[in-house]
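Worksheet: one structure, shown below.
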Amino acid sequence: MAAAGGASAAPQAMDEKARRTRDLLASFYNTDPSAAAAAAPSSARPSPTAASASPLDSINSTSFDPDVYMNVLVQQSNLEALLQRHVKMAAEIKNLDTDLQMLVYENYNKFISATDTIRRMKTNIVGMEANMEQLLSKITSVQSRSDTVNTSLFDKRENIEKLHRTRNLLRKVQFIYDLPTRLNKCIKTEAYADAVRFFTGAKPIFEAYGDTSFHDCKKASEEAIDLVMQHLQAKLYSDSEPIESRAEAVVLLKQLSFPVDNLKSNLLEKLEDCLLNFQNEPTQASIGDISKTFRAYLIIFPDSEKRLMELAQALFSNRYETIRENLRKRIPSTDLLAMLRSLWEDAAAIDEVIPEAALPAFSLETTRDIIRQHIATAFVHLQSEISDVLVRTPSTSNEKLEESQLQTAMETSKVKVLQGCIDLLQEFHHLIDGNTELLVKLRDLIIDWVQEGFQDFFQKLDGHFHMLSGRSKSPSQEMESVQIDKVPTVLVLMLAQLCIFIEQTTIPKVTEELASSFSGGGARSYEYGPPFVPGEICRLYRSSGEKFLHHYINMKTQKISKLLNKRFTTPVWIKHKEPREVNMFVDLLLLEFNGVVSEVKQILPGLIRRHRHSDSTGSTTSSRSNPMREDMLNRSNTHRARSQFLENHLAKLFEQKMEIFTKVEYTQESVISAVLKLCLKSLQEFVRLQTFNRSGFQQIQLDMEFLKTSLKEFVDDEAAISFLLKEVNNAAHERCLDPIPLEPPILDKLISAKLAKIKEQSPNMQ
């Protein structure tokens with residue numbers, strides 16, 4: 001029951017709402033004040049139940065008091081009810097506004113329709129009045145003339161005129177009645193021009209009398225002419241029809257007052273889809289078909305030239321953009337030229353139809369940018385390939401290398417640089433080796449771009465080498481030692497040798513090829529100078545090679561110096577025990593020197609002369625067993641130490657000054673000697689920072705004497721090495737509290753034991 005009551009209450013509420021809306025709208029549009037006054041009370045008259053229930057239902061009455069209404073509403077309702085009331089009234093207001101707007105729109109449309117109908121009626125009436133006036137004037141003229149003739153031939157002339165008018169009228173009437181049949185015959189024979197001519201001739205009569213006597217003829221003729229229009233549209237959309245037939249179809253449709261602009265839009269959209277398909281699948285159509293289509297559209301729609309220009313430019317822009325995307329991955333110059341040549345020929349074909357699009361100029365400019373981008377991309381790829389070869393260089397600190405592994409990596413890098421440049425020159429030669437109009441126009445520019453490209457390539461490659469080595473070309477941006485340690489030292493040495501190879505081999509070869517195959521150019525302004533300056537590039541790589549070589553020496557020296565520093569700062573030299581053997585750090589030092597020799601031997605030119613000493617003990621003994629030393633052995637230890645100290649200082653005063661640090665050359669001997677000299681010089685400084693007891697001084701003496709024997713294996717400059725080792729001994733002597741050296745027999749015994757131990761370990765390692 002409750003559900004039934006709720007269902008019955010809902011239609012009543014809707015009916016009440018609809019009734020109130022109609023009453024309000026009727027009162028709003030009623031122009032009679034008395035009727036409006038009568039309508040308002042009727043709409044505001046409450047139902048018997050509502051009058052006794054609440055004054056809130058009197059909102060639509062003329063005596064509505066908003067203050068009373070709000071007071072009662074606030075007293076009887078809580079906040080939630082007020083919000084619901086607000087939402088309900090807002091919805092009613094919105095519905096009333098919508099209904100009012102719809103009524104206004106409907107009335108406005110009716111008013112416009114009535115205005116158009118009145119205008120058409122006025123036009124038809126005016127036309128009939130003009131025809132009647134014209135007919136009256138003619139009749140009056142004929143009557144005036146016939147009056148003169150009627151005096152003599154009144155009876156016959158009157159009869160003849162009547163028969164003549166009747167005959168003409170019958171002919172017109174017969175033509176109108178035969179028009180549907182004529183139109184159908186024209187449709188069967190596809191004589192659409194005759195059909196349009198017949199219908200347009202009868203159209204004024206249909207407009208004048210089509211709703212009366214010729215109603216059936218007009219209807220049949222319009223049906224036939226609609227069929228004619230359909231055939232004409234089909235002919236226009238057909239690609240197999242000749243251009244002349246399609247153009248004639250457009251002219252006939254215009255005569256029939258058909259909206260041709262819609263057809264033009266549809267056909268242009270169809271052409272745009274066709275061009276899109278041609279761009280995605282060029283094999284589906286040829287540029288000849290596209291050119292014919294453009295020509296046909298210009299004939300059919302002469303005012304569509306601007307749109308066709310936009311389509312043609314968009315077509316070639318997209319096709320050139322596709323080539324730009326292909327340039328991201330390196331493509332051969334022959335393939336690029338084939339694509340550019342095809343586009344150039346297509347642009348020339350379209351230019352014959354639409355010269356206003358200026359496609360050849362656009363193609364020339366775009367081709368220029370693409371070729372320049374292709375040249376730049378080729379150099380970028382070559383630099384990347386060279387970088388990949390260098391980055392894959394094995395590091396001696398990470399793995400045990402084979403004897404020729406570094407040498408192979410060095411040769412691979414050289415081949416990649418030289419052969420890469422030669423291959424690029426051969427690739428670029430295809431760009432100027434042709435007689436096509438396109439290449440002839442761009443030949444000088446291409447030559448300049450190639451030369452500029454090599455100039456820029458070698459400069460950027462030099463900067464990339466500096467980046468790989470952990471160095472910056474700007475002194476203010478030198479990397480810290482912590483970062484330098486992360487760079488493989490062998491890579492720096494390879495970069496140094498590669499710079500010399502580029503200076504001495506690659507640059508002359510490239511210069512020779514450019515002079516033979518890429519001579520000419522001159523398209524760039526003379527104020528910028530020549531595009532390729534080999535002397536400048538050679539100086540650049542010569543300087544970089546020297547920097548890399550010194551950088552390698554410094555890196556190796558720093559690494560070995562850290563080892564030496566750790567060795568001399570860890571023990572307490574003033575409490576050192578009596579030496580019993582050569583210190584282990586000497587083995588580590590020699591191991592590092594062997595690593596340097598292994599790297600330098602495989603990368604730099606020049607042979608290292610190996611000294612083989614079959615009896616090192618005997619040689620060292622003979623070098624130390626002389627009368628002066630025998631006399632020193634007979635003295636007391638204190639007197640001998642003081643005497644030796646004084647002797648060293650006196651020797652420094654009178655001995656000839658030796659040049660220790662000479663210019664570093666790109667040879668194995670020069671680099672190894674530089675590393676050894678710097679390391680020994682660092683060793684001397686470390687020794688000067690310590691304080692030794694007698695045993696510590698003797699340990700330094702033993703280590704240096706062993707190094708003097710062992711380092712002969714690495715360098716030829718024995719005098720400089722001996723001098724530096726002697727300086728280390730002197731520094732230890734100066735910093736020793738009790739500088740008593742080891743006895744020569746003990747020194748020889750310890751060194752011999754170390755050499756024997758090394759010989760025993762060598763077969764096992766092999």
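Exceedance of the 30 Å cut-off in Cα-Cα distance is limited, within the set Lys219/Lys292; Lys203/Lys292; Lys185/Lys292; Lys575/Lys749; Lys663/Lys757, to Lys219/Lys292; Lys203/Lys292; Lys185/Lys292; Lys663/Lys757.
Applying the Karplus relation 6.51 cos²θ - 1.76 cosθ + 1.60 with θ = phi - 60° to region 738-743 yields 3J(HN,Hα) values of 9, x, 9, x, 6, 5 Hz, where x marks Gly and Pro.
Want the number for Ser516 to Phe175: 0.36 nm per residue separation, take away the alpha-carbon distance, what's left?
Stretched out fully, the Ser516 to Phe175 stretch lengthens by 114.0 nm.
The heavy atoms of Arg119 present about 130 square angstrom of accessible area, all protein chains included, probe 1.4 Å.
Among the listed pairs Lys547/Lys681; Lys547/Lys712; Lys556/Lys759, a Cα-Cα separation exceeding 23 Å is found for Lys547/Lys712; Lys556/Lys759. Atom-type composition of the exposed protein surface of region 82-157 places 64 percent of the accessible area on carbon and sulfur (1.4 angstrom probe). Take each peptide in 565-576, 740-751, count the other Cβ atoms within 10 Å of every residue, and average; sorted highest first, the result is 740-751, 565-576. Each Cα pair under 8 Å and six or more residues apart adds its sequence gap; the mean of these over the residue count of region 679-760 is a relative contact order of 46 percent. The chymotrypsin sites (Phe, Trp or Tyr not before Pro) of region 301-364 include none that meets both criteria, a DSSP state outside H, G, I, E and B (loop) and at most 12 other C-beta atoms within 10 angstrom of the site's C-beta. Taking amide H positions as modeled 1.01 Å from N, with prolines and chain starts lacking one, the residues under 5 Å from Cys736 and 5 or more places away or on another chain are Phe692.
Would you mind estimating how fast region 61-139 diffuses translationally, via Stokes-Einstein at 25 °C and 0.890 mPa s with the Kirkwood radius over Cα pairs, in µm²/s? For the chosen part, D equals 135 µm²/s. Between Glu352 and Gln459, the FRET efficiency from the beta-carbon distance, with R0 = 41 Å, is close to 0.35. The smallest convex shape that holds all Cα atoms of region 87-242, its convex hull, gives 209 Å³ per residue. Taking only the C-alpha atoms of region 530-613, the Rg (one decimal) and the largest Cα-Cα distance, Dmax (whole number), read 20.2, 72 Å.
The values are calculated or read from the model by the stated rules, or taken from the named source; none is laboratory data. It should be emphasised that the depicted structure is a prediction, and the values quoted were computed from it without experimental measurement. Because the Cβ atoms are built from the backbone with ideal geometry, glycine has one as well, and the counts that use them run over all protein chains shown. Note: areas computed on protein heavy atoms with side chains; ligands, DNA, RNA excluded. Shrake-Rupley method; radii C 1.70, N 1.55, O 1.52, S 1.80 Å.
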